[in-house]
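Before any comments, here is the structure.
The values are calculated or read from the model by the stated rules, or taken from the named source; none is laboratory data. Note that the coordinates shown come from a computational prediction; the quantities given were computed from them, not determined experimentally. Because the Cβ atoms are built from the backbone with ideal geometry, glycine has one as well, and the counts that use them run over all protein chains shown. Remember, those area values only see protein heavy atoms, side chains included, never the ligands or the DNA or RNA. Shrake-Rupley method; radii C 1.70, N 1.55, O 1.52, S 1.80 Å.
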Amino acid sequence: MENGNSPSKPSIPEFEKKLLERIRGSKISLRIMHVCGTHERTIAKYGLRSVLPKSIEVISGPGCPVCVTPEEDINIAIALAKSGATVVTFGDMMRVPGSAESLLDAKSEGANVRMVYSIDDAIALAEKKPELEVVFFGIGFETTVPANAAALLRKTPENFSLLASQKQTPPAIELLARDANVDAFIAPGHVATIIGTKPFEPLAEKGFPVVVSGFEAGDILLGINLLQMQVEEGSSRVDNGYPRAVKPEGNPIALKIMETVFETSDSEWRGIGRIENSGLALRKEFEEKDAAKKHEDLYASALEDVRKKVERKDKKRCICAAILTGKAKPSQCPNFGKDCTPKSPAGPCMVSQEGMCYNWFKYSRDGGGKLA
């Protein structure tokens, strides 16, 4: 502070001011769904909902990879850890509950569960500790898949395997387009850096304007304005609002690596259910690295115990399923900010920094943000 004056509120960049003027000047009303946890973090952190006109509503879809990981996959990971395997995964994933408990709970009971930052860390552990049976619990969307695929294409230790719970984004968005009350979509920029813009074209062909957006506040405002312009023109297409990182064809090298190791499969999404062709399973040539098959005999009995240990009251408390599909807001949950907080989450949407509940709790209890 200088000259005894109070610090002034940060000003909005000129580019963002102009975008806001254009958004506010449009007569178009839109209910927009984004499908990216990082988008939600930016929207909440910078209070973008508070500066948008009432005619524009932005809701969050299933863009948080931790949030959509199904209970059964977590149950298998817990059963593996309780059966003697060393299960390693990302920090957020350790706290997400399965049917009744989390990997962190299993660790507190003596199971060997560790946090890593990448699949390479997991492989390094397997190489350093050949006496351990190391299982990497790999979750996420197309963004994280190439790294996992590339690792398996290299020679990995015999005591290493992958428990894959990985998703493809476009099929989930297409399902929501049929079921949710949504006019347009903001597609995730990091996913599009891998798969490109073309996989989102079926949505546009069905009449939904789509824009691929980056992660800065200005990127998201640009995306909203591009969607308004499509509606004003009476068209629906896929606009690339993130050309500095996204090409229409995506990343051909990453796609080739993915296709070599993984094949499309049906997949269960937490809060949504089974979605056709939305998962990625290891191809037959890599089955020896598939932890779910390699260690099935080892964890079978432990898995039954994990499934039976269900605290049904916890399931009733969490409305994450409705939040992930845009049918409810965190503030509509009676336990939001009370029995459910980041320190004591009742469900996955409060665990991850990409979860909608976490971001609403951290940045604004009403979801509107605090910036004007």
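Comparison of PRO130, PRO199, PRO209, PRO170 shows that the only residue that is of a type outside the set (S, T, N, Q), open to solvent by 20 Å² or more (accessible area, probe 1.4 Å) and out of contact with any Gly (no Cβ under 9 Å at 6 or more places or on another chain) is PRO130. Look at ALA164 and say whether it is buried (at least 17 other Cβ atoms within 10 Å of the Cβ) and closer than 21 Å to GLU296 by Cβ. So ALA164 passes the test.
Among SER236, SER265, which is the only one that is closer than 28 Å to LEU19 by Cα and small (Gly, Ala, Ser)?
SER236
So ASP183 clears everything in (1) within 30 Å of ASP239 (Cβ to Cβ); (2) within 19 Å of the chain's Cα centre (by Cα); (3) open to solvent by 20 Å² or more (accessible area, probe 1.4 Å) except one condition, right? Which one? Unmet for ASP183, out of (1) within 30 Å of ASP239 (Cβ to Cβ); (2) within 19 Å of the chain's Cα centre (by Cα); (3) open to solvent by 20 Å² or more (accessible area, probe 1.4 Å): (2). Just so you know, in the range 100-120 the residues that are of a type in the set (Gly, Ala, Ser) and in contact (Cβ under 8 Å) with a residue 12 or more places away in the chain include one that is nearest to CYS318 (Cα to Cα), and it is ALA100. Would you mention how many residues in the range 59-116 are open to solvent by less than 10 Å² (accessible area, probe 1.4 Å), over 15 Å from the mean Cα position of the chain (by Cα) and aliphatic (A, V, I, L, M)? Count: 12.
Assess whether ASP305 counts as being open to solvent by 80 Å² or more (accessible area, probe 1.4 Å) and at pLDDT below 95. Taking the combined requirement at face value, the residue satisfies it.
Among the residues of the range 217-239, write down those that are outside any helix (DSSP H, G or I) and more than 19 Å from ILE194 (Cα to Cα). Within the range 217-239, GLY234, SER235, SER236, ARG237 qualify. Quick check, is PRO70 of a type outside the set (Phe, Trp, Tyr), touching a Lys or Arg at 6+ places or on another chain (Cβ under 6 Å) and either under 16 Å from MET356 (Cα atoms) or at pLDDT 90 or above (or both)? Judged against the criteria, PRO70 is a match.
If I filter the range 121-128 for residues that are within 30 Å of ALA292 (Cβ to Cβ), touching a residue at least 40 places away in the same chain (Cβ under 8 Å), of a type in the set (A, V, I, L, M) and touching a helix residue (DSSP H, G or I) at 6+ places or on another chain (Cβ under 9 Å), do I get at least one hit?
Filtering the range 121-128 for residues within 30 Å of ALA292 (Cβ to Cβ) gives 121-128.
With the extra rule that they be touching a residue at least 40 places away in the same chain (Cβ under 8 Å), the set shrinks to none.
No, the range 121-128 contains no residue that is within 30 Å of ALA292 (Cβ to Cβ), touching a residue at least 40 places away in the same chain (Cβ under 8 Å), of a type in the set (A, V, I, L, M) and touching a helix residue (DSSP H, G or I) at 6+ places or on another chain (Cβ under 9 Å).
Please state which one of GLU127, GLU131 is in a helix (DSSP H, G or I) and out of contact with any His (no Cβ under 9 Å at 6 or more places or on another chain). One residue alone meets the criteria, GLU127. A search for C-beta distances below 6 Å between a residue of the range 1-24 that is under 14 Å from ASP219 (Cβ atoms) and modelled with pLDDT of 85 or more and any residue that is open to solvent by 100 Å² or more (accessible area, probe 1.4 Å) and not in a helix (DSSP H, G or I), counting only pairs 6+ apart in sequence or on different chains, returns nothing.
Yes/no matrix, rows are residues, columns are (1) of a type in the set (Ser, Thr, Tyr); (2) under 30 Å from LYS284 (Cβ atoms):
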residue: THR169; (1), (2): yes, yes
residue: PHE185; (1), (2): no, no
residue: GLY207; (1), (2): no, no
residue: VAL212; (1), (2): no, no
residue: LEU221; (1), (2): no, no
residue: ARG244; (1), (2): no, no
residue: TRP269; (1), (2): no, yes
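Kindly indicate whether VAL88 is in contact with a Lys or Arg (Cβ under 8 Å, 6 or more places away or on another chain) and either at pLDDT 95 or above or acidic (Asp, Glu) (or both). Criteria met by VAL88.
Taking first residues from the range 249-269 that are assigned to a helix (DSSP H, G or I) and partners that are modelled with pLDDT of 95 or more and basic (Lys, Arg), the Cβ contacts under 7 Å between residues at least 6 apart in sequence or on separate chains come to VAL261/ARG283.
Among the residues making up the range 144-159, none is in a loop (DSSP other than H, G, I, E, B), under 15 Å from LEU255 (Cα atoms) and open to solvent by 60 Å² or more (accessible area, probe 1.4 Å).
Yes/no matrix, rows are residues, columns are (1) in contact with a Phe, Trp or Tyr (Cβ under 9 Å, 6 or more places away or on another chain); (2) within 28 Å of ARG178 (Cβ to Cβ):
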site	(1), (2)
HIS34	yes, yes
LYS54	no, yes
LYS82	yes, no
SER99	no, no
